[in-house]
Amino acid sequence: MQLNKISDQKLLKQYVQGNEACLEMLINRHKDRIFTTIYLIVKDSYIAEDLFQETFIKVIKNLKKKKYNEEGKFLPWVTRIARNLAIDHFRKKQRMPMVTDSHGDDVFRKMKISTETREQTIIRTEREDEVRRMINQLPDEQRQVLILRHYGELSFKEIADLTDVSINTALGRMRYALNNLRKLMEHSHIKA
Amino acid sequence: MGGYFFLHSEYYLKNLDVLFLNDELKRDCMDKNITQNDLLLLAYNELDTNRKLLVINALESNLSLQNEYHDILAVMGKLDEFQVQPNNTSLQIILEESSSAMEVL
């Protein structure tokens, strides 16, 4: 059986039964989406790394205690844990000051070591920065729904429950978020 | 724009059966109010099967809806361009934590 065809549920089951390799496969499968979600929430790569670790340590503890019972919904479950940890972080630190450049960008994100050429890195970071800046221009409520739905893969119903609003409100915020992003793209002459 | 939509909509490729709906159902579809929320839910694959068929069928015959749906997919595509990765150190820390938790058990 191809590894990428094994469901999250099977991997979780095998991990709980003692197969450590299954956790690594799960993390590798979802790490980018989860990290992107956290990073967009906290807007700081160092804090995002810490929260990413904390999130998975909590995931591990819950799995070992057999507290996970959400059939086939691993990624939304992890996203909810990550979001709660991010909220706790802001409560504790009252928004830590970020190290940013003149545009308000997180400078350490750009220092990421990779196998890309310099030119590839510049193009990628420019493209990422454009999208991230546009997302950051959205009102908080719209931004939150967009991050949780698009990157965190929570359903609109789950987002509505989590943020204590109706599903129509969650959908409305997402509609406004996408409309605003489209306008920002047109304004910046970005081709979608 | 309609041609563009047909070429780029994976939903048509995944739901070819909807193209063969009978005329009665098609008329029924035309009578239903398709909202922006429906398009959003379709784009994120959250519609139940019946509603999904109605929305896809309405899209087939409504240029305005096609344009709206295309706009949603276009922004979603742009959002997909932003994806950042955690450091390998973070992954190692997590896996070590898992191993030690396993030893304790």
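Since every read-out is calculated from the coordinates, none of them should be taken as a lab result. This one's a predicted model, so the numbers in the text were calculated from it and none came from an experiment. A quick note on method: Cβ atoms are made from the backbone with ideal geometry, for glycine too, and the neighbour counts reach across all protein chains shown.
Relative contact order of region A:118-187: what whole-number percent is it, with Cα pairs under 8 angstrom and at least 6 residues apart?
Numbers: 35 pairs, mean separation 22.2, N = 70.
In percent, rounded to a whole number, it is 32.
Just check region A:1-95 against the gyration tensor rule for me: Cα atoms, a ≥ b ≥ c as the square roots of the eigenvalues, rounded for a/c under 1.5, and otherwise prolate or oblate depending on whether a/b exceeds b/c. Prolate is the answer for region A:1-95, as a/c is 1.5 or above and a/b outweighs b/c.
For peptide A:122-130, the mean count of partner chain Cβ atoms within 10 Å of a residue's Cβ comes to 1.
Sorted ascending by nearby beta carbons within 10 Å, beginning with the fewest, A:ILE81, A:ILE159 become A:ILE81, A:ILE159. Annotation: for a label point projected 7 angstrom from Cα along Cα→Cβ of A:LYS183, residues of region A:146-176 with backbone N closer than 11 Å are A:176.
Based only on other Cβ atoms within 10 Å, what is the fewest-to-most ordering of A:ARG133, A:ARG143? Write out the running numbers ahead of the final one.
On the way: A:ARG133 14, A:ARG143 18.
Sorted ascending by nearby Cβ count, the order is A:ARG133, A:ARG143.
Exposure proxy ranking for A:PHE90, B:PHE82, A:PHE56, A:PHE156, based on other Cβ atoms within 10 angstrom of each Cβ and starting from the fewest, stands as A:PHE90, B:PHE82, A:PHE156, A:PHE56. Assuming a ≥ b ≥ c are the square roots of the Cα gyration tensor eigenvalues, decide whether region A:140-192 counts as rounded (a/c under 1.5), prolate (otherwise, with a/b larger than b/c) or oblate. Since a/c reaches 1.5 and a/b is larger than b/c, the shape of region A:140-192 is classed as prolate. Here's the picture: charge each Lys and Arg Cβ at +1 and each Asp and Glu Cβ at -1 in region A:118-187, and of A:MET185, A:GLY152, A:ASN168 the one pushed furthest to the positive end of that dipole is A:MET185.
Between the beta carbons of A:ILE87 and A:LYS61, assuming R0 = 25 Å, the FRET efficiency works out to 0.85 to the nearest 0.05.
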